[in-house]
Amino acid sequence: MAEAETDARRLATEARDRVRFEEEVLDLADQVYRVARRLVSSREEAEDLVQETYARAFRSWRSYTPGTNLRAWLMRILTNLNIDRGRREQRAPDMQPMVEGDYFLYNRLEETSGPADEERIVERLSQDSIVDALASVPHDFRDVIVLVDIGDFSYQEAAQILDVPIGTVMSRLHRGRRILKGELAGTAAAEEES
Amino acid sequence: MTHFDSICEKCEELIQPYLDRELSESERLEAEAHLEGCGYCSKRYRFEVSLRRYVRHACCSEEMSPELKAKLASLRTPLD
């Protein structure tokens, strides 16, 4: 009798923990979606990926250690699923020598539409061109940009999520942002010509 | 000539982790002291901050649909 009672109590505790876990995970849905939307190219793919992530998270809730970073735990499921989906390997473009440094984009924006305040000059780029430029950054580089700049993860968290050393996160981030700026500089020039 | 055409080595080394708030306290102070004294880097810093904010704004404007949100909630384990 006492044993049955203990069992019942244990089950009740477990159900309570699970419900709490599920609520916390659902509270993060908007943030998860924002990251997913930029990791893949279409809205449909992002929705599928988020659904798969949630299905897996709910199934494997016991593998989450309470008190640890739930957002990073979820994101790790998401990035693993995304890689499992067999995304196409992309080759990183060869980098141009650093003749103009990271200011290539700034200089291009000035050339195409005149001098401006350095805080306002980015507004010359359309929002669509930013989204397109990010989508054209090769996956490995885009993943870290999305995690750090859109997901607000630290270098350390991004390293854990992607299972790469922190130095790799830093170099991919640096290079990825440079590729992004290169793409945007190309867009700025194209918009000027059209 | 208003172009940023000189390359500051210090800037390459510190500005990205500074923007990402990934520097230690002493490195942060070093970066701030440098930014204060270097016109090229401080201008570049303002540009990078605004670019990042702009990218973030452009890429986070699409909200998740209420249908998806409902779908996610329905994936929860049903209560016995």
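If exposed means no more than 15 neighbouring beta carbons inside 10 Å and the site is in a DSSP loop, what's the longest run of chain B without any exposed GluC sites (Glu not before Pro)? After excluding every exposed loop site, the longest remaining stretch is B:1-61.
Against chain A, whose longest principal axis is taken from its Cα atoms, helix A:104-113 shows a tilt of about 60°. For chain A, the longest principal axis of the Cα atoms and the long axis of helix A:29-39 meet at an angle of about 40 degrees. Rank A:Gln31, A:Gln127, A:Gln160 by mean-square fluctuation in a GNM of chain A with C-alpha springs under 10 angstrom and give only the top-ranked residue. Among A:Gln31, A:Gln127, A:Gln160, the largest GNM mean-square fluctuation belongs to A:Gln127.
If one takes the longest principal axis of the Cα atoms in chain A, at what angle in degrees, from 0 to 90 and to the nearest 10, does the Cα axis of helix A:166-193 lie? That works out to roughly 50 degrees. The convex hull built on the alpha-carbon positions of chain B has an orientation-averaged projected area of 9.4 nm².
Secondary-structure-derived ellipticity at 222 nm for chain B, considering helices only, amounts to -21500 deg cm²/dmol, per-run term -39500 (n - 2.57) for DSSP H runs with n ≥ 4.
Its residue count N sets the reference 2.2 N^0.38 Å, and the alpha-carbon radius of gyration of the stretch A:98-193 equals 1.17 times that reference. Taking other C-beta atoms within 10 angstrom as a stand-in for reagent exposure, B:Leu35, A:Leu173, A:Leu11 fall in the order A:Leu11, B:Leu35, A:Leu173, fewest first. Per residue of chain A, what 222 nm ellipticity follows from adding -39500 (n - 2.57) for every DSSP H run with n ≥ 4, rounded to the nearest 500? That calculation yields -22000 deg cm²/dmol at 222 nm. Mean sequence separation of contacting Cα pairs (under 8 Å, at least six apart), scaled by the length of chain A, corresponds to a relative contact order of 25 percent.
Per residue of A:122-131, other chain Cβ atoms within 10 Å of the residue Cβ number 4 on average. When the label point is put 7 Å from the Cα of A:Glu111 along its Cα-to-beta-carbon vector, which residues of the stretch A:154-187 have a backbone N closer than 20 Å? Those under the cut-off are A:178-187. Each principal axis of the Cα cloud of the protein assembly as shown was evaluated for its coordinate range; sorted largest first, these ranges are 87, 46, 31 Å.
Bear in mind that the values in this text are calculations on the coordinates, not laboratory data. All of these numbers come straight from a predicted model, not from anything done at the bench. Heads up, the Cβs are rebuilt from the backbone with ideal geometry, glycines too, and the neighbour counts pull from every protein chain shown.
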